[in-house]
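K.L.:
Before we start, here is the structure in question, set down as structure tokens.
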Amino acid sequence: MSTATLAGRRALVTGGSRGIGAGTVRRLAADGAAVAFTYSASAAEADKLVAEVTADGGKAVAIQADAADPGQTEAAVARAVAELGGLDIVVNNVAVGHFAPIDDYPAEEFDRLVAINIGSMFWTIRSALAHLGQGARIINIGSINADRVPVPGFSVYAMTKGAVASFTRGLARELGPRGITVNNVQPGPVDTDANPADGEFSELAKQIIALGRYGQTNEVAALVSFLAGPEAGFVTGANLNVDGGYTA
Ligand code: NDP
């Protein structure tokens, strides 16, 4: 019998081809889970990740689905269930950012952030629930910007992440009686394509981070893996920061 903590578990990670999502796919697979993940445009990265996990002896399935589209999101959940033979762990990771003052914040960007950062989480969970039983895990990836917004221009993004935090609390209450835990992992600045450690916001961010450096994707994935695993059975409704002390 395998001693891997997630052996026999089946996971879906949204937005898993790059960044924190890819780090999470790698970690969950390394811990023994079979993992499906979605992406919209980066087919080459998605294929590469599947090949990498497979070469390491794991199972990964890439599913192209635009998180802004509820129909594609529902189809992606159905495909993950079909490919993996069921579902035990859902990681709502996908999100996008657009940073601009409220006065001329583009309407289409507002709609896109709400559809992807909030809508995808809602539709994924709603369609996954029919397949999630006792002991299942829902893990949302929020942001420390739900709690702290140290620079202007982040209000719409922060609003969507506030929604992730409050949706997590509400669902923990609703799904607790079914033995399903729901938690929110709030990263601080993590080195990804969306927020490179040498990018536009990095110098200011590093001054705010107690550890003085960006996080790595595997440092977020480690907490996701713990929450997905057997030892986190009494953790639910929690908003947990992985932020190098950004909010200290
Ligand atoms: P990246 O932009 O690096 O990666 C995003 C992933 O989502 C990619 O795999 C991308 O693939 C996929 N994706 C983007 N749009 C869509 C879409 N419409 N449909 C399906 N998939 C999509 O993001 P990060 O890894 O930086 O962020 C991941 C999560 O962590 C987000 O929730 C973010 O808000 C949160 N976070 C990140 C922080 C950071 O500093 N990096 C800090 C705090 C929170 P593709 O291009 O193929 O669509």
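The values are calculated or read from the model by the stated rules, or taken from the named source; none is laboratory data. No experiment lies behind these values; they were computed from the predicted model shown. Cβ placement follows ideal geometry from the backbone for every residue including glycine, while neighbour counts extend to all protein chains displayed.
K.L.:
When you scan the range 1-18, how many residues do you find that are under 15 Å from residue 42 (Cα atoms) and surrounded by fewer than 24 Cβ atoms within 10 Å (Cβ to Cβ)?
P.N.:
1
K.L.:
Looking at (1) in contact with a Gly (Cβ under 8 Å, 6 or more places away or on another chain); (2) over 22 Å from residue 220 (Cα atoms), find the lone condition where residue 77 falls short.
P.N.:
(1)
K.L.:
For the subset of the range 57-74 comprising residues that are under 16 Å from residue 13 (Cβ atoms) and more than 10 Å from the ligand (Cβ to nearest atom), which member is surrounded by the most Cβ atoms within 10 Å (Cβ to Cβ)?
P.N.:
Residue satisfying both the conditions and the ranking: 60.
K.L.:
Related question: Restricting the search to the range 124-147, which residues are part of a loop (DSSP other than H, G, I, E, B), crowded, with 17+ Cβ neighbours inside 10 Å and either among the β-branched types (Val, Ile, Thr) or more than 17 Å from the chain's Cα centre (by Cα) (or both)?
P.N.:
132, 147
K.L.:
Answer with yes or no whether residue 106 is more than 16 Å from the ligand (Cβ to nearest atom) and either modelled with pLDDT under 95 or surrounded by fewer than 20 Cβ atoms within 10 Å (Cβ to Cβ) (or both). Steps first, answer last, please.
P.N.:
Values: more than 16 Å from the ligand (Cβ to nearest atom): yes; either modelled with pLDDT under 95 or surrounded by fewer than 20 Cβ atoms within 10 Å (Cβ to Cβ) (or both): yes.
Taking the combined requirement at face value, the residue satisfies it.
K.L.:
Turning to a different aspect of this structure: When you go through 79, 10 one by one, which is the residue that is among the basic types (Lys, Arg), in contact with a strand residue (DSSP E or B) (Cβ under 8 Å, 6 or more places away or on another chain) and within 23 Å of residue 226 (Cα to Cα)?
P.N.:
10
K.L.:
For the range 1-91, give me every one of the strands (runs of 3 or more DSSP E) that falls completely inside it and has 3 or more residues that are touching a Pro at 6+ places or on another chain (Cβ under 9 Å).
P.N.:
The strands (runs of 3 or more DSSP E) meeting that bar number zero.
K.L.:
Let me ask something else. Pairs, please: C-beta under 6 Å, at least 6 apart or cross-chain, first residue of a type outside the set (Asp, Glu) and in the range 46-72, second more than 14 Å from the ligand (Cβ to nearest atom)?
P.N.:
53/29; 58/29; 59/34; 60/29; 60/53; 61/83
K.L.:
Looking at the range 11-45 only, could you name the residues that are within 7 Å of the ligand (Cβ to nearest atom), of a type in the set (Val, Ile, Thr) and without any contact (Cβ under 8 Å) to a residue 60 or more places away in the chain?
P.N.:
38
K.L.:
Okay, moving on. Considering only residues that are buried (at least 18 other Cβ atoms within 10 Å of the Cβ) and within 20 Å of residue 175 (Cβ to Cβ), which ones fall in the range 75-97?
P.N.:
Across the range 75-97, the qualifying residues are 77, 80, 81, 87, 88, 89, 90, 91, 92, 93.
K.L.:
May I pose another question? Within the range 179-194, which residues are more than 8 Å from the ligand (Cβ to nearest atom) and either at pLDDT below 95 or surrounded by 15 or more Cβ atoms within 10 Å (Cβ to Cβ) (or both)? Walk me through how you get there before you give the answer.
P.N.:
Within the range 179-194, the subset more than 8 Å from the ligand (Cβ to nearest atom) is 179-185.
Result: 180, 181, 182, 183, 184, 185.
K.L.:
From 197, 222, grab the single residue that is of a type in the set (A, V, I, L, M, F, W, C), within 12 Å of the ligand (Cβ to nearest atom) and either at pLDDT 95 or above or outside any helix (DSSP H, G or I) (or both). Break it down stepwise before answering.
P.N.:
On the way: 222 fails: within 12 Å of the ligand (Cβ to nearest atom).
Going through 197, 222 in turn, the sole match is 197.
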